[in-house]
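Computed from the coordinates by the stated procedures, all read-outs in this text should not be read as laboratory data. Small disclaimer: the values here were computed from a predicted structure and weren't measured. A quick note on method: Cβ atoms are made from the backbone with ideal geometry, for glycine too, and the neighbour counts reach across all protein chains shown.
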Amino acid sequence: MAKILKDYPAISLKQEDLNEKIDFTRIFGRSGSVHIEVGSGKGAFLLNQAKAQQDVNFLAIEWASKYYRYAVDRIGRWGLTNVRIIRTDAVDFIARFVPADSIECFHIYFPDPWPKKRHHKRRFINSANLEQLMRCLKKGGAIKIATDHAEYFQQIRYVLSEPGNKLEKIDFLAPNGTNEGEWVGTNFERKYIKEQRPIYTIAARKT
Ligand SMILES: C[S@@+](CC[C@H](N)C(=O)[O-])C[C@H]1O[C@@H](n2cnc3c(N)ncnc32)[C@H](O)[C@@H]1O
């Protein structure tokens, strides 16, 4: 029998309710650091991190309706108040609604690798999207990325190290709340660890 997923309006943010750059203090009902997770899937990272870092405000952006609904239900059942989730395309949403110099960290874990060459243009990490992430990051804010896809990882490293983008590489540290042996604790990471696939990580901060 299909699981009944409940909507929690305090957690699910609706794009139709937004018409200008987001006021995070209003959205979260408090001030504080804002982290964005792009492509949050079923919300495993979000759940662990929202519990482990209750002073941080987490905004998750997920395109797929079934994962978005699953994550809203999951976070809602835990009664966490420091999470908002929106079902939309992160590319358009970040460019239109996220204010400049507002984000402490972007988490991008196991982004779709689009392995066929003719689909590479759909990959999230590219120069144009990086420009938007840089616009939104606070000075000293970080971008953290993990993938199992070696060739996409090369592209990611290349894009992040392009001259003039004001990023400095930092160590990728697993945040508090992740299990032993995990970098981030997402569903995909857990699946890939079981399959013994290599996992590549990179982190950089805005200088
Ligand atoms: C391979 S899954 C990884 C999910 C999760 N991060 C994990 O590691 O378990 C990639 C996720 O990103 C979402 N996604 C892909 N492109 C997106 C976009 N442009 N905006 C928002 N979500 C996106 C997909 O729907 C999918 O849930």
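Exposed loop sites here are trypsin sites (Lys or Arg not before Pro) assigned a DSSP state other than H, G, I, E or B and surrounded by at most 13 other beta carbons within 10 Å; excluding them, the longest clear run of the chain is 31-115. Computed over neighbours whose Cβ is under 15 Å from that of ARG30, the net charge equals -1, Lys and Arg +1, Asp and Glu -1.
Segment 31-82 and segment 134-200 have Cα centres separated by 18 Å.
Relative contact order for segment 12-206: what is it in percent, counting Cα pairs under 8 Å that are at least 6 residues apart?
Averaging sequence separation for qualifying contacts and normalising by length gives 22 percent for segment 12-206.
Can you give the log10 of the normalised intensity I(q)/I(0) at q = 0.19, 0.23 Å⁻¹, computed with Debye over equal Cα scatterers of segment 1-126? At q = 0.19, 0.23 Å⁻¹ the computed log10 ratios are -1.07, -1.50. Comparing mean-square fluctuations of ASN179, ASN187, ASN129 from a GNM of the chain with C-alpha springs under 10 Å, the top value falls on ASN179. For segment 120-194, the alpha carbon convex hull comes to 122 Å³ per residue, rounded to a whole number. Antiparallel beta bridges, as assigned by DSSP with both residues in the chain, represent about 30 percent of the total such bridges.
Taking θ as phi - 60° and the Karplus parameters 6.51, -1.76 and 1.60, the scalar couplings of segment 46-52 work out to 4, 4, 4, 6, 5, 6, 6 Hz in sequence order, x denoting glycine and proline. When Rg and Dmax are taken over the Cα atoms of segment 12-206, they come to 15.8, 45 Å.
Taking the Cα centre of segment 90-207 as origin and charging only Cβ (+1 Lys, Arg; -1 Asp, Glu), how large is the dipole, in debye to the nearest 20? Dipole of segment 90-207, to the nearest 20 debye: 420 debye.
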